[in-house]
C-alpha cells in the first residue's frame, strides 16, 4: 500500500510536470493510448531496473539465510516471477489510473493558462 501511494505520487508529479507536453500532444492529435505510452515507458524501465537489483539481492540473501537451517527449502524462479507479476499489477493499476485521468483532461484549458 505504501509503495502504491508512492507510485501514485510519482505519477502525479510526472503528470503535473508534463502538463504542457501532454497538452501540445493532444492538440496535435495524439490519442489517449499514445499519452499513456509516455508514462508507461518511463515507469516500467525504472521498475524493471529496481526489481532486478532488489530481486537479486533478496534472492541471494534468502538463499544464504535459509542454508543455516537444518530443514531448509530452496527458492525457485516461480517465487521471483510471482513477485514480479504482483509488482507489475500494482504498478499498472496505480499508474494507469492517474495517467488516464491526466490524458483525459481538457488540454485546451491547460494550454490557455500557460
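Points to keep in mind about this one:
- Each residue in region 11-45 was checked for being under 21 Å from residue 85 (Cβ atoms) and touching a helix residue (DSSP H, G or I) at 6+ places or on another chain (Cβ under 9 Å), and 7 of them qualify.
- Number of the exception - residue 30 against (1) surrounded by fewer than 16 Cβ atoms within 10 Å (Cβ to Cβ); (2) free of Cβ contacts under 8 Å to residues at least 24 places away in the same chain: (1)
- Residue that is under 16 Å from the mean Cα position of the chain (by Cα), in contact (Cβ under 8 Å) with a residue 12 or more places away in the chain, more than 18 Å from residue 105 (Cα to Cα) and part of a helix (DSSP H, G or I), where the choices are 51, 39, 59: 51
Computed from the coordinates by the stated procedures, all read-outs in this text should not be read as laboratory data. For clarity, every value in this text was computed on a predicted model and none was experimentally measured. Counting neighbours? That spans all protein chains shown, and the Cβs are built from the backbone with ideal geometry, glycine included.
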